1. Failed condition for LYS124, given (1) surrounded by 21 or more Cβ atoms within 10 Å (Cβ to Cβ); (2) closer than 27 Å to GLY26 by Cβ, with all others met?
2. Based on this model, can you work out whether ARG85 counts as touching a Leu at 6+ places or on another chain (Cβ under 9 Å), assigned by TED's automatic domain parsing to the domain that holds VAL171, among the basic types (Lys, Arg) and surrounded by 21 or more Cβ atoms within 10 Å (Cβ to Cβ)?
3. Name the residue, out of SER125, SER132, SER136, SER150, that is in the same structural domain as LEU112 (by TED's automatic domain parsing) and either more than 20 Å from VAL194 (Cβ to Cβ) or free of Cβ contacts under 8 Å to residues at least 24 places away in the same chain (or both).
4. Restricting attention to segment 6-27, does a residue exist that is in a loop (DSSP other than H, G, I, E, B) and outside the structural domain of ARG115 (by TED's automatic domain parsing)?
5. For LEU163, are the conditions met, namely being part of a loop (DSSP other than H, G, I, E, B) and surrounded by 13 or more Cβ atoms within 10 Å (Cβ to Cβ)?
6. Picking from VAL28, VAL94, VAL46, which residue would you name as being at pLDDT below 90 and out of contact with any strand residue (DSSP E or B) (no Cβ under 9 Å at 6 or more places or on another chain)?
7. Would you point out which residue out of GLY111, GLY141 is in contact (Cβ under 8 Å) with a residue 12 or more places away in the chain, of a type outside the set (Phe, Trp, Tyr), part of a helix (DSSP H, G or I) and surrounded by fewer than 19 Cβ atoms within 10 Å (Cβ to Cβ)?
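The values are calculated or read from the model by the stated rules, or taken from the named source; none is laboratory data. Everything numeric here is computed off the predicted structure, so don't read it as measured data. Here the Cβ positions follow ideal geometry from the backbone for every residue, glycine too, while neighbour counts run over all protein chains shown.
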Amino acid sequence: MSRKKDQAARRKHLLEAARKAILKRGLVTVGVRDIAQAASMSPGSVTYYFPTIDELLRQVQADAIARFAQARWELVRTIDDPVVRLRALIERGVATGPDDELLCLLNEFTGLIRRNPIYQVSWKSLNDSQISIYESVITTGAALGVFTLSSPALSIARNFVGLEDIYGFHVVMGASMIRDEALELIYDFAMGAVGCDLRDPRPSPQAAAPEVLAGPGE
């Protein structure tokens, strides 16, 4: 049992080292030696736990996707007010800046997604999960009479995810847009899509949503 625990700890350590190496060097150029150096291990030790670098990179992406998606589900479940919930969901989905490690890491994999079916499946899973979160929040707000929808909830949810992806990419690049500008543009869309001004920091009059938002697979 202790051997299995030790192996699990080593694999976890290598995943963390791989994340650091990718963020430092970029996914295109990172190699086994870079990851070994970040982990203070030999290249042979890296390949012992992950026989191919592609296997390690797929695990890094899967872990990043799981952390991002789970954090958003947990966030919306802690907020009762539909307006505050939607605003928090948007804010969590847009990078804080070029130093946002998790979203920078996710963006590093976009080049592989276009060429590799395995990465495509993972990315689609993340996209579908984010759309599902938005749709749940929007549907609940509409049912409570807080939101007035201009289109079906699913269409609005897809647009929210698309906007946060493209604007978030610009924020991560740090060359053409900052986070506050991205949020303002998404809030503009929200005004027309759900009929609420998300710039207003005050909670809406409704105290709580009776529905329980369903998480992934529930």
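1. (1)
2. Numbers: touching a Leu at 6+ places or on another chain (Cβ under 9 Å): yes; assigned by TED's automatic domain parsing to the domain that holds VAL171: yes; among the basic types (Lys, Arg): yes; surrounded by 21 or more Cβ atoms within 10 Å (Cβ to Cβ): yes.
In short, yes.
3. On the way: SER132 fails: either more than 20 Å from VAL194 (Cβ to Cβ) or free of Cβ contacts under 8 Å to residues at least 24 places away in the same chain (or both); SER136 fails: either more than 20 Å from VAL194 (Cβ to Cβ) or free of Cβ contacts under 8 Å to residues at least 24 places away in the same chain (or both); SER150 fails: either more than 20 Å from VAL194 (Cβ to Cβ) or free of Cβ contacts under 8 Å to residues at least 24 places away in the same chain (or both).
Of the residues listed, the single one that is in the same structural domain as LEU112 (by TED's automatic domain parsing) and either more than 20 Å from VAL194 (Cβ to Cβ) or free of Cβ contacts under 8 Å to residues at least 24 places away in the same chain (or both) is SER125.
4. Narrowing segment 6-27 to residues in a loop (DSSP other than H, G, I, E, B): 26-27.
Now drop any that are not outside the structural domain of ARG115 (by TED's automatic domain parsing), which leaves 26-27.
Yes: one or more hits.
5. Working: part of a loop (DSSP other than H, G, I, E, B): no; surrounded by 13 or more Cβ atoms within 10 Å (Cβ to Cβ): yes.
The answer is no for LEU163.
6. Details: VAL94 fails: at pLDDT below 90; VAL46 fails: at pLDDT below 90.
Result of the check over VAL28, VAL94, VAL46: VAL28.
7. Values: GLY141 fails: surrounded by fewer than 19 Cβ atoms within 10 Å (Cβ to Cβ).
Criteria check complete, one pass: GLY111.
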